[in-house]
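What follows is one structure encoded as structure tokens, with my remarks underneath.
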Amino acid sequence: MGAMMQPTGREVSREGYDDVRRSGRQARQRQQVLDAIRQGGPCTRQRLSELTGLALSSICGRCRELLDAGQLTVIGTAGKPARQILAYVPEANDAPRGDLLDDCTEVAQ
């Protein structure tokens with residue numbers, strides 16, 4: 001019998017991300033982040049983790065998606081080491097739109 005190949009860290013990470021996306025947790029987590037910033041005002045990712053109870057790694061992923069979509073913006077830094085302060089972008093969030101890239105799949109050409 002041959003030895004079983006262990007998945008790489010990248011494969012495990014991708015599988016975990018796909019599971020979060022398919023389960024709907026990704027969309028719920030994005031909404032939690034938006035709600036926390038809208039209600040509490042600008043804050044760091046660390047503070048968002050404290051406010052929402054989500055893991056910092058989840059917060060970082062959801063913030064990246066929201067920054068890329070223009071729903072959050074960086075307004076400065078605080079502390080040492082410097083941490084970005086994120087703010088809600090009302091214009092981007094109040095406009096009618098479809099769900100934010102729930103299906104981040106690449107289209108093969």
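Rundown of residues vs (1) modelled with pLDDT under 95; (2) outside any loop (DSSP other than H, G, I, E, B); (3) of a type in the set (Asp, Glu); (4) touching a Pro at 6+ places or on another chain (Cβ under 6 Å), yes/no style:
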{"residue": "Met5", "(1), (2), (3), (4)": "yes, no, no, no"}
{"residue": "Arg22", "(1), (2), (3), (4)": "yes, yes, no, no"}
{"residue": "Glu50", "(1), (2), (3), (4)": "no, yes, yes, no"}
{"residue": "Arg62", "(1), (2), (3), (4)": "no, yes, no, no"}
{"residue": "Lys80", "(1), (2), (3), (4)": "yes, no, no, no"}
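Evaluate the following for Gly70: is it touching a Phe, Trp or Tyr at 6+ places or on another chain (Cβ under 9 Å), not charged (D, E, K, R) and not in a strand (DSSP E or B)? It would help to see each step written out before you state the result.
Numbers: touching a Phe, Trp or Tyr at 6+ places or on another chain (Cβ under 9 Å): no; not charged (D, E, K, R): yes; not in a strand (DSSP E or B): yes.
The answer is no for Gly70.
May I ask you to list pairs of residues, at least six apart or on different chains, whose Cβ atoms are under 9 Å apart, with the first in segment 32-46 being on the phi > 0 side of the Ramachandran plot and the second being surrounded by fewer than 13 Cβ atoms within 10 Å (Cβ to Cβ) and of a type in the set (Asp, Glu)?
Listed by first residue and then by second, the contacts come to nothing, as the list is empty.
Looking only at residues that are among the β-branched types (Val, Ile, Thr) and within 18 Å of Ala27 (Cβ to Cβ) in segment 44-88, which one is farthest from the chain's Cα centre (by Cα)?
Let us first name the residues in segment 44-88 that are among the β-branched types (Val, Ile, Thr), namely 44, 52, 59, 73-75, 77, 85.
This time we only want the ones that are within 18 Å of Ala27 (Cβ to Cβ), so: 52, 59.
Working: Thr52: 12, Ile59: 5 Å.
By that ranking, first place goes to Thr52.
The values are calculated or read from the model by the stated rules, or taken from the named source; none is laboratory data. Everything numeric in this text was worked out from a predicted model, so none of it was measured. Positions of Cβ are backbone-derived with ideal geometry, glycine not excepted, and every protein chain shown enters the neighbour counts.
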